[in-house]
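What follows draws every value from the coordinates through simple rules; no lab data is involved. Since the structure is predicted, the reported quantities are computational estimates derived from the model, not experimental observations. Quick reminder, even Gly has a Cβ in these numbers, built from the backbone with ideal geometry, and neighbours come from all protein chains shown.
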Amino acid sequence: MYRDPPRVSTRSAAAWAGLLALGATLRLWQFGADASQWVDELALSRSIVELSPAALLSGPLPFGQVAPPGFLLLEKAAVALAGAGDYALRLLPLAASLIALVLFLRLAVRLLVRPAAIAFALALFALQPELVRYAAQVKPYAGDLAAALALTLLAGSLFGTPPPPAPWLALQVGVAGVVAVFLSHAAVLVLAGLALGLLLSALLVRRRRALAASAAAISLWAVGGGAALLLATRAMTPRMHAYLYHFWAPSFAPWPHSVAGDARWAVAAISGEIGAAGLGYRWPAFYAGLAVLGMVALWRRRRALSPLLLGPGAVALGAAGLGLYPFASRLVLFIVPALILAIAAGAETLALALVRRILQRGRAGLAAATGAVVYLAALWPALAGFGADAPVYRVEETRPILGAVAARRQPGDAIYVYYGAGQALSFYGPRYGLAPGSYQLGGCHRGDTRAYLHELDRFRGRPRLWVLISHAQPRFAERDALLAYLDHLGTRRLALRSGPHGRAFGLPAEAFLYDLSTAPRLSGDIAASFPIPPAPNPPDPRFACFGAANSVPETPLAARR
């Protein structure tokens, strides 16, 4: 399947090394910027920090979180060695992201023909905002990416030339797959796609030893994948399963199924991953065309590898079509290398075709310039998108707000915390003198906005009330109702805001200081009659307060330790 790596000029090697260094620098920069954890990270971090290893593996995680057991244990080890800070918790995603850079280069060298095409692919991968962002989040997505690349390279080695010692190599590949599924839930889909690809590749190249080795590796994968699925199923309550299905419903194929409808959905899903929902490329149709051209070219040149490249994405689409796994950007981050390599192969094919035509006319200088123009023209929209959305990416910057409140807080100040900021206060609050008991945490009342107003009524007459808000979803209109009511009751003395940065789906973190001592507004049940506009998108009552934003677990963490 794999050809020997081509001889690389010093110039090409230097370009690749420079791009690797650039990609690593961006990921380290994102890591070193120490952005605040957003609510989903915090929900997972609290479990990692507060629960014992046995408790992490013994049942469903609190706050509607799901993570593979190997990831949880490695995170727990990092915390035990380096402390319960953000840097320690993000070490594992950073390491996985840096490893993915090197693995991607190895795969690109094996697939693409020209060093310029390899540099083009590496530039797209190194400068991809989503990959930089997830290099410093306490989530397993960077691990999904590294696992997919490693497994693809290992699976491809079964078709090396000359044929390797199949039994020993098959055992290595099989064991690697078993390990991967306990580090990455997405690895189960990757292995399923690679299994289909291996069988098809073995039939295409008609190598019996490769087919036997593939079958042996796939058998081990099946055992490991089955065990991982069983553990994942046991780690989810029926309510959590229903909640996740409800949350990710837009990422499944619509019902009822039809050939035409499913085809349209698949095209839209792939286009979305190339466009705003995934890679963020401004001309998704252009890049989709390059990807199709590239897959055709790879099929002709690397027929044994093409099924391995396509398999995981095809299985992910099929799983989403069956309602088994959402085809959503961060959950299918593992298909990004295949998309980028297909785009690079398309650009390479287009450049080679133009260069050959010009060379036939004896114009070598123009041919070289034309090839460079093709790569630059294909790279420019992606670079422009990166320039408009450069790191550091910040989703919910709660720490600066907590620090600002701590610096301005006076003895006797009351503090009300909107429930969406509860995770941040639980994790970060003690660092700023905001330990439990020093503030009142509001309840989650999604679907009953007036209940928040009644909570605020307890602070009537207080000359200094701090109100802390983060992760306030605009579709529920709770933040606006709270502030409108407070503005009606008293006087806003100060407003602090720390907004998100980058294409992240972030929300601002805010703090407001109110004077509610104004006498004329202290009588009567104002909350009962205060006008509240309807929410633009009211929550489903079944899951209104289920998930990461509700910082009060159904079972106290202390009871599970």
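With each pseudo-label sitting 7 Å past Cα toward Cβ, what's the residue 545-residue 21 distance in nm, one decimal?
5.5 nm
What shape does segment 97-158 take by its C-alpha gyration tensor, where a ≥ b ≥ c are the square roots of the eigenvalues and a/c under 1.5 counts as rounded, a/b above b/c as prolate, and the rest as oblate?
oblate
What is the angle, in °, between the Cα long axis of helix 10-32 and the longest principal axis of the Cα atoms in the chain? Nearest 10 is fine, range 0 to 90.
Between helix and principal axis, roughly 20 degrees.
What FRET efficiency, computed as 1/(1 + (r/R0)^6) with R0 = 30 Å and r the Cβ-Cβ distance, is obtained for residue 33 and residue 410, rounded to the nearest 0.05?
0.45
Could you calculate the contour length gain from residue 372 to residue 11, that is, 0.36 nm times the residue separation minus the distance between their Cα atoms, to one decimal place in nm?
Roughly 128.5 nm would be gained on extension.
Compute the angle between helix 86-111 and the longest alpha-carbon principal axis of the chain, please, reported from 0 to 90 degrees and rounded to the nearest 10.
The answer is roughly 20 degrees.
For a label point 7 angstrom out from the Cα of residue 203 toward its Cβ, which stretches of segment 280-306 have the backbone nitrogen within less than 17 Å?
Hits in segment 280-306 for residue 203 at 17 Å: 303-306.
Tell me, what ³J(HN,Hα) does each residue in segment 370-384 have, in order and in whole Hz, if you take phi through Karplus 6.51 cos²θ - 1.76 cosθ + 1.60 with θ = phi - 60° and put x for Gly and Pro?
5, x, 5, 5, 4, 5, 5, 5, 6, 7, 4, x, 5, 5, 5
List the equivalent ellipsoid semi-axes of segment 339-403 in whole Å, largest first, each obtained as the square root of 5λ for an eigenvalue λ of the Cα gyration tensor.
Value: 42, 12, 6 Å, ordered largest first.
What base-10 log of the normalised intensity I(q)/I(0) is obtained for the chain from the Debye formula, alpha carbons as equal point scatterers, at q = 0.08 Å⁻¹?
With no solvent term, the Cα-only Debye profile gives -0.60.
I'd like the antiparallel share, as a percent to the nearest 5, of DSSP beta bridges with both residues in the chain.
Details: 13 of 19 bridges.
Beta bridges within the chain, antiparallel portion: roughly 70 percent.
Could you tell me how far the Cα centroid of segment 166-183 sits from the Cα centroid of segment 18-60, in Å?
What the calculation gives is 26 Å, centre to centre.
Determine the distance separating the Cα centre of segment 297-342 from the Cα centre of segment 194-227; give it in Å without decimals.
Here the answer is 17 Å between Cα centres.
At 0.36 nm per residue, and after removing the present C-alpha to C-alpha distance, how many nm does the segment from residue 230 to residue 80 gain when stretched out fully?
51.2 nm
Between residue 552 and residue 87, what is the spin-label point distance in nm, taking each point 7 Å from the Cα along the Cα→C-beta axis?
Spacing of the two 7 Å Cα→Cβ label points: 3.6 nm.
Determine the gain in length on full extension of the stretch residue 475-residue 171; use 0.36 nm per residue of separation and subtract their C-alpha separation, reporting nm with one decimal.
Separation in residues times 0.36 nm, less the Cα-Cα distance, equals 104.3 nm.
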